[in-house]
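For reference, the structure discussed in these notes is given below.
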Amino acid sequence: MFGKEKTTLPPRPTDVQGLLRLYNTKGIDGLGVGELSKIHHLVGGDRELVEARIRAETRQFWNQDIVGFRMGEEGQGKPKFADMMQVLGVGAQMVGHIKPRKGSIVSSWGDGGGFDARYFRKSQPVKYLSYDDSRGANGLARTRLDRLGMPHEIVDYNFYDPFPVEKRRRISEQHPGAPALDYSSWALTYTDPETMTRIIKGAIKNGSTAEEFWLHMLEAGKFDSKALGIAFMTQIFPRDIAKPGKTRQTLRALFAVPAMINFGEKFQRYSPLWTVAELKEELGQRGLKVEEVGKTLFDQSVVARVTLS
């Protein structure tokens with residue numbers, strides 16, 4: 001008469017200890033690749049198998065599954081990620097918090113196609129280094145940086161590769177005294193604390209004048225693409241749709257909203273999403289201090305300054 005009662009499953013853990021308990025109970029196959037990425041440095045004898053799965057599945061996701069939406073130039077083809085980010089102005093907000101010094105060597109770790117490089121142009125970098133292991137991202141970064149006329153180098157680099165010490169030293173020697181500015185917009189925080197620590201300390205310590213590393217990251221350990229879509233519809237669209245020269249750009253961003261929501265739901269399966277509090281604790285245990293500087297993306301993201309503690 002009343003039908004069967006619905007069974008509500010308990011939420012899956014997202015914290016490190018909870019994921020470890022899940023791994024100890026269900027094994028490698030019981031966790032998604034994003035969950036494994038968050039604990040792979042703690043899984044002992046299975047570490048090589050786990051890392052192999054992470055590399056394979058994340059490479060397919062970023063380079064094949066969503067490449068048409070995530071990689072591509074704004075204003076061309078189907079509406080995509082870049083159209084949305086351009087209208088939201090997230091890169092400009094991030095760089096506004098970083099406040100780059102003039103004539104810096106800018107290194108973007110997990111560059112994702114050179115989209116943010118335009119926001120550093122006013123500070124006239126002597127070199128912009130784009131680190132990424134995606135062929136599509138590297139090709140796109142080259143196109144954008146050539147168009148900007150910014151001195152640059154495209155570096156085919158995976159976060160799990162050894163830190164490129166010699167390249168850092170060579171670039172520093174070519175530009176003696178130039179301030180070093182290292183940042184990662186979201187990408188590096190999709191890895192584990194050991195990897196983050198290795199990259200951040202490597203950047204600070206190896207052949208450069210760097211004293212800090214900038215992280216742009218999701219604040220609450222999640223990406224609420226639906227909330228972003230609502231904010232766009234209620235705030236950005238009414239503001240920009242009638243502005244001279246912005247109608248087409250705003251409409252492209254509007255038509256990108258459904259794909260953005262789909263991307264947000266998929267991407268969380270492949271990426272370990274840390275909260276700021278978690279990173280403060282994890283990186284603090286590894287000799288790094290994380291300090292929040294400002295917010296972007298309707299307060300969903302944080303710009304944080306990381307230094308040696």
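The values are calculated or read from the model by the stated rules, or taken from the named source; none is laboratory data. Note that the coordinates shown come from a computational prediction; the quantities given were computed from them, not determined experimentally. Virtual Cβ from ideal backbone geometry, glycine too; neighbours counted across all protein chains shown.
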Note: among ALA277, ALA256, ALA242, just one is touching a residue at least 24 places away in the same chain (Cβ under 8 Å) and on the phi < 0 side of the Ramachandran plot, namely ALA256
Of the residues in region 78-116, those that are over 25 Å from ASP299 (Cβ atoms) and among the β-branched types (Val, Ile, Thr) come to ILE105, VAL106
Fill in: Any hit, region 192-210, residues being crowded, with 20+ Cβ neighbours inside 10 Å, among the β-branched types (Val, Ile, Thr) and modelled with pLDDT of 95 or more
yes
- Message: When you scan region 146-168, do you find a residue that is over 22 Å from ILE39 (Cα atoms), small (Gly, Ala, Ser) and buried (at least 21 other Cβ atoms within 10 Å of the Cβ), even just one?
- Response: no
Filtering region 287-309 down to residues that are among the hydrophobic types (A, V, I, L, M, F, W, C), out of contact with any His (no Cβ under 7 Å at 6 or more places or on another chain) and outside any loop (DSSP other than H, G, I, E, B) yields LEU288, VAL290, VAL302, ALA304, VAL306, LEU308
Quick count over region 176-188, residues being surrounded by 19 or more Cβ atoms within 10 Å (Cβ to Cβ) and either in a loop (DSSP other than H, G, I, E, B) or aromatic (Phe, Trp, Tyr) (or both), is 4
Over region 117-143, the set of residues of a type outside the set (Gly, Ala, Ser), modelled with pLDDT of 95 or more and in contact with a strand residue (DSSP E or B) (Cβ under 8 Å, 6 or more places away or on another chain) is PHE120, PRO125, VAL126, LYS127, TYR128, LEU129, TYR131, ARG142
GLN86 meets each of (1) surrounded by 18 or more Cβ atoms within 10 Å (Cβ to Cβ); (2) under 26 Å from TRP62 (Cα atoms); (3) modelled with pLDDT of 95 or more with one exception, condition (3)
- Message: Quick check on region 131-144. Is at least one of its residues hydroxyl-bearing (Ser, Thr, Tyr), without any contact (Cβ under 8 Å) to a residue 60 or more places away in the chain and assigned to a strand (DSSP E or B)?
- Response: yes
Wholly inside region 1-110, helices (runs of 4 or more DSSP H) that include 3 or more residues that are closer than 27 Å to GLU219 by Cα and among the charged types (D, E, K, R) are 47-60
Conditions (1) in a strand (DSSP E or B); (2) not assigned by TED's automatic domain parsing to the domain that holds ASN158 -> HIS216 fails only (2)
